[in-house]
1. Taking the dipole about the Cα centre of the chain, with the C-beta of Lys and Arg at +1 and of Asp and Glu at -1, give me whichever of N88, L126, G12 is farthest to the positive side.
2. Compute from the Cα atoms of the stretch 36-97 the Rg and the Dmax, the latter being the longest Cα-Cα distance, and quote both in angstrom.
3. Only Lys, Arg, Asp and Glu count, each charged at its Cβ (+1, +1, -1, -1), so figure out the dipole size of the chain about its Cα centre, rounded to 20 debye.
4. Could you tell me what percent of the accessible area of the chain is made up of carbon and sulfur, with a 1.4 Å probe and every protein chain present?
5. May I ask you to compute the full-extension gain from K72 to L93, defined as 0.36 nm times their residue separation minus their alpha-carbon distance, rounded to one decimal in nm?
6. Apply the Kirkwood formula to the stretch 156-244: the hydrodynamic radius equals the inverse of the mean of 1/r over all pairs of different alpha-carbon atoms; give it in Å with one decimal.
7. Evaluate the stretch 54-170: find the radius of gyration of its Cα atoms, find its Kirkwood radius, and give the ratio Rg to Rh.
8. Report, in whole Å, the centroid distance computed from the Cα atoms of the stretch 1-40 and the stretch 156-172.
Amino acid sequence: MLVLERVSRRFGAKTAVGNVDLEIAAGSFVGVIGRSGAGKSTLLRLINRLADPTEGRILWDGVDVTALKGRKLREWRSRCAMIFQQFNLVGRLDVLTNVLMGRLAKVSTTSSVLRLWSEEDKAIALSALEQFDIGALAAQRADSLSGGQQQRVAIARAMVQDPSIILADEPIASLDPRNTKVVMDALLRINKHFGITVLCNLHSLDLAREYCDRLVGMAAGKVVFDGAPAALTADVARDLYGLEAADVIGAEAALDPAVAAIARPAAA
Ligand SMILES: Nc1ncnc2c1ncn2[C@@H]1O[C@H](COP(=O)(O)OP(=O)(O)OP(=O)(O)O)[C@@H](O)[C@H]1O
């Protein structure tokens, strides 16, 4: 279980995340939603310790991860794998080597410096690629792949870390609809098949409703909604997105007159 206790992060006078309390049960698929600047990325970066909280604590199974240093901190980062909008692959390296980077925390310093991968590590990396139907691309340069393929490589790299939780920061923001589905299905499979907790920032409310068990809605750094997707009413969506609603509510707007009214305010 991941627990955030009164977590805040300020940048100068700006409060990116303000006094957030959250409990995320192991094995859940949680969508973090909210307009641009709401604090979603900062929240994920705090959990992974890419940023440190100004106040509050973050606990994983009772261990205060905000206090970890050195090797223990590296172990924690390895247990909570990050997936980014821009994939963060090394373009000039082949796909298999990119996935092997996820094993760095598991090998000795000498092996990691010299990039000496064991046959076992290579087999684990190849198997992860095959899980996401991209085993045949193992020898290709990462920058020769489509966006959807690159994101699947990034997911495979996250999986070989053997993570307890995956933090996905707008993983489909730069993908077309077909690749969006492939990547979201891959995250769902990781969650349902392997039981790995997924915390996923999403701009699209439709996708968040379709894939997540629970939605956490953020506005101005605060959690303003926390519940099942079905409990997210048109009123709450309006509070979360304001004038942005038309951008984030897609297909459902055509079906639900209440949502359509938000999505097309000018026509009301
Ligand atoms: N390193 C930083 N320095 C200064 N301000 C920051 C920094 N990181 C985030 N912020 C500010 O904190 C607020 C929250 O940003 P954050 O990126 O977490 O929002 P977000 O909900 O993820 O937005 P988006 O959907 O656009 O990625 C924003 O106002 C942002 O400008």
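1. G12
2. 14.0, 41
3. Using only the charged Cβ atoms, the result is roughly 900 debye.
4. The computed percentage sits at 52.
5. 4.7 nm
6. Hydrodynamic radius (Kirkwood, Cα pairs) of the stretch 156-244 is 14.1 Å.
7. 1.00
8. 18
The values are calculated or read from the model by the stated rules, or taken from the named source; none is laboratory data. As the structure is a computational prediction, the values presented were derived from the model and not from experiment. Every residue, glycine as well, gets a Cβ built from its backbone with ideal geometry; the counts of neighbours run over all protein chains shown. For accessibility, only protein heavy atoms count, side chains too; no ligands or nucleic acids. Shrake-Rupley method; radii C 1.70, N 1.55, O 1.52, S 1.80 Å.
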